[in-house]
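The structure appears below as structure tokens.
The values are calculated or read from the model by the stated rules, or taken from the named source; none is laboratory data. What you see is a predicted model; the values in this text were computed from it and never measured. So basically every Cβ, Gly included, is an ideal-geometry build from the backbone, and we count neighbours across all protein chains shown. With ligands, DNA and RNA removed, areas are computed over all heavy atoms of the protein, side chains included. Shrake-Rupley method; radii C 1.70, N 1.55, O 1.52, S 1.80 Å.
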Amino acid sequence: ESSIFYQFFSGHSGVQAASLPDHDFTWLPGHYEVQEVYNDGQKRMTMLIGANDVIMLEYWPTDGSDYVEVFTSDFEQETAEINSERADFYRSIGPDTANILVWTNSSNTIVYNLSASLPKEIMIKIAEGITEK
């Protein structure tokens, strides 16, 4: 009722734990300090700390072993596009929650979850500039 649950049934083995790629940000809205918060080879979380806000990127393989759950009671869902691929944008309607952008890479092997208190257009531009190292 109050959440959306993404689970992936891709029919392939996904990305091996040792090969989950690093990512770079080719564009950010100002100066951010990048800090890796968590990395177990199967899931990564990167925090970008700015002067007045924080951006969080999480990503992991879509091999069916994990899922994304977005609690939607404080959000309005909209569609978006990241590099011509469909994405879901969750606009926060509560004062204490960040916006969320969820999408997969073009081969549907990695799912991304970007959260920030930034406008949709800015979050899309950040997402489109995320590249594998």
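Going by accessible area, probe 1.4 Å, with all protein chains left in place, what is the ranking of Phe89, Phe25, largest first?
Working: Phe89 0, Phe25 45 Å².
Order by accessible area, largest first: Phe25, Phe89.
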- prompt: How much length is gained if the chain between Ser106 and Gln42 is pulled fully straight, taking 0.36 nm per residue apart and subtracting their Cα-Cα distance, in nm to one decimal?
  reply: 21.2 nm
query: When the label point is put 7 Å from the Cα of Ile49 along its Cα-to-beta-carbon vector, which residues of the stretch 98-116 have a backbone N closer than 18 Å?
result: 115-116
